[in-house]
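What follows is a set of notes on a single structure, which appears directly below.
Here, each number is a calculation from the coordinates, and none is a lab measurement. The structure displayed is predicted, hence computed values, not measured ones. Backbone-built Cβ (ideal geometry, glycine too); neighbour counts: all protein chains shown.
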2 protein chains.
Amino acid sequence: MKIDPDSAKDLSAQIASAIRDAIVSGDLPVDKRLPSESELAEQFNVSRPTVREALKRLAAQSLIRTQRGATGGAFVNRLKFEDAYGQQITTSTLLLSMNAVSFRTACEARYALERACAPLAATRRSPDHLATMRAEAHRQAQPGLTDEAFCASDVAFHRALVDAAGNPVLSYQLAGAVEAMQPLMNMITFSARDRAKIIDLHNRIADAIDAHEAQSADTLLAELADYTQSLAESVFAERAAKKT
Amino acid sequence: MKIDPDSAKDLSAQIASAIRDAIVSGDLPVDKRLPSESELAEQFNVSRPTVREALKRLAAQSLIRTQRGATGGAFVNRLKFEDAYGQQITTSTLLLSMNAVSFRTACEARYALERACAPLAATRRSPDHLATMRAEAHRQAQPGLTDEAFCASDVAFHRALVDAAGNPVLSYQLAGAVEAMQPLMNMITFSARDRAKIIDLHNRIADAIDAHEAQSADTLLAELADYTQSLAESVFAERAAKKT
DNA sequence: AATTTTCATTTGTCAGACAATTAACCGTCT
DNA sequence: AGACGGTTAATTGTCTGACAAATGAAAATT
């Protein structure tokens, strides 16, 4: 771990990189305690505040956790899927909002990924996942539901579908895409007829997954994707027309 | 932005959260300059080092960038896809290694995602992407190629395939999965016969994408997935047998 | 008018100090 | 001996104050 004081990067960034590399390479195993802040400061030949800034950078990525007290210190953190979800959602949300990714692009990505899960879900779905899917579809049919609540339930339905695939890597990858899209979805107003159509598709998707019919689920998802796209387009077109 | 000194969390973590929320909600727009560290310290009623730790946390997530000098300060950063790639790859790599995700699971996820891209790639592929795919397939056929170089070329081939789908969100999502898997792939030794089979599939996939034949590309990818799985299994089985 | 110098502002870094927390250690009492 | 309680040392969290380095703007000079 060598530090170049003349580098363009901050010292704290360099130190963070050095430690991060050690973690990613497996050099520092999970739950290994790092040297104390004072020792690190001595090793890297910097002051303690600088070391602390480096450690906070790593903590922000959930790479380490810190504990106070006599036996405390900074420990290499076992990255949980749960931790990764949060970061992925933050990152995806900002990517979508800051880079003006079109609804079309985001929607396309989301449904493409979901269709990738469908065959696996059709094979492995548990009663649990099916129950969630059906419960959400039922909730969506309740009268007086706000658009926001409808969207939230929609997200829950699709998360259950993805989780049914039984592949944590896929669940993790998709969580970001699905949840990050919620703000965009919330911009849409769903009429009663729109909702009925979507709920019908949800129910038929649940049926297909239930019956292990992968091909049928895929077709239905494609139909749902198309319908969502057209819905969004008409909403945006109408909004654009009102402006003039 | 209120800070609770009695909270379980560190002050710097609370301050980082407050600012992060303001950014994600759009309250702080891109390129907006934050107050200076001294001003923030006064606003939050903490010392400057504490504020700095909070800012470093945000910098670690590429949410802000800082600049020295008279007109310097911390600015809300426009998150680039490129920045997001790096974080995604780090996170995915650690998730796979720390949580002992099986090769089977990782491989399944990767090919499921790739197959989701195939239909789009078949529609939109540019000569550029096709050229890359063919170049990499050709490179893979060169004699004397190390296993590692073969894997690297494999990654390049598949990245081109994904990029050919022309959807940056998909590219971003998949970059993590594909690159994070490389360490796992590097554990495999590819015999000449294995390589020949893989290269043949790569060529046929490129042909299918070239000819806009989505269905055919999908089938070939499925075949490649199966073959990779069986290859890995036999390698691992052989290794296990040698141990005894 | 163009150029150079000065200056104010801001981040980067350092040194030292104290508070808060926590587990281990030690002594006392039962 | 064992349980209980106080002490202590180690470690992170926070604060204060200071100086260095960078940088653009303003002022002074040519």
Problem set entry | Normalised convex hull volume, the range B:132-186, alpha-carbon set, Å³ per residue | 52 Å³
Exercise. About its Cα centre, what dipole magnitude does the protein assembly as shown give when the only charges are +1 on Lys and Arg Cβ and -1 on Asp and Glu Cβ, stated in debye to the nearest 20?
Worked result: 840 debye
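What do the square roots of 5 times the Cα gyration tensor eigenvalues come to for the range A:160-223, in whole Å, largest first, as semi-axes of the equivalent ellipsoid?
In descending order, the three semi-axes are 21, 19, 8 Å.
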Exercise. Suppose R0 equals 56 Å; then what is the FRET efficiency for A:ASP10 and A:ALA196 from their Cβ-Cβ distance, rounded to the nearest 0.05?
Worked result: 0.50
For this session: Considering only B:LEU184, B:LEU11, B:LEU113, give the residue with the highest GNM mean-square fluctuation for chain B, with springs between Cα atoms whenever their separation is below 10 Å.
Result: B:LEU11
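Multiply the residue gap between A:ARG104 and A:THR146 by 0.36 nm, knock off their C-alpha separation, and tell me the result in nm, one decimal place. Show your work: numbers first, answer last.
Working: separation 42, 0.36 × 42 = 15.12 nm, distance 2.36 nm.
Length gained, A:ARG104 through A:THR146: 12.8 nm.
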Exercise. Using the C-alpha gyration tensor of the range A:80-150, what are the square roots of 5 times its eigenvalues, in whole angstrom, with the largest one first?
Worked result: 25, 20, 15
Seminar exercise, completed: For the range B:1-122, inverting the pair-averaged 1/r of distinct alpha-carbon atoms gives a Kirkwood value in Å of 17.1 Å
Problem set entry | Surface/4 of the Cα convex hull for the range B:106-202, nm² | 5.7 nm²
Exercise. At a Förster distance of 25 Å, what's the computed FRET efficiency of A:THR123 paired with B:GLN182, Cβ-Cβ distance as r, to 0.05?
Worked result: 0.35
For this session: For chain B, just the Cα atoms, rotate onto the principal axes and tell me the three extents in Å, largest first.
Result: 68, 51, 30
Problem set entry | Modelled label reach - A:SER234, point 7 Å along Cα→Cβ, the range A:209-224 residues with backbone N closer than 18 Å | A:223-224
Exercise. Angle between the Cα long axis of helix A:81-98 and the longest principal axis of chain A, 0 to 90 degrees, nearest 10?
Worked result: 70 degrees
Seminar exercise, completed: Note on the range A:81-243: contact order normalised by length, alpha-carbon pairs under 8 Å, 6 or more apart, percent, works out to 35 percent
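Divide the volume of the convex hull of the Cα atoms of the protein assembly as shown by its number of residues and quote the answer in cubic angstrom per residue.
Taking the convex hull of the Cα positions in the protein assembly as shown, it is 204 Å³ per residue.
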Exercise. Got a sec? Charge dipole of the range A:1-147, +1 on Cβ for Lys and Arg, -1 for Asp and Glu; which of A:VAL24, A:ALA135, A:VAL76 is way out at the positive end?
Worked result: A:ALA135
Exercise. Once the principal axes of the Cα atoms of the range B:11-76 are found, what is the range along each, listed largest first in whole angstroms?
Worked result: 27, 26, 20
For this session: Return the calculated 222 nm mean residue ellipticity for chain A, to the nearest 500 deg cm²/dmol, obtained by summing -39500 (n - 2.57) across DSSP H runs with n ≥ 4 and dividing by the residue count.
Result: -23500 deg cm²/dmol
Exercise. Roughly how many Å is it from the Cα centre of the range B:179-244 to that of the range B:36-77, as a whole number?
Worked result: 48 Å
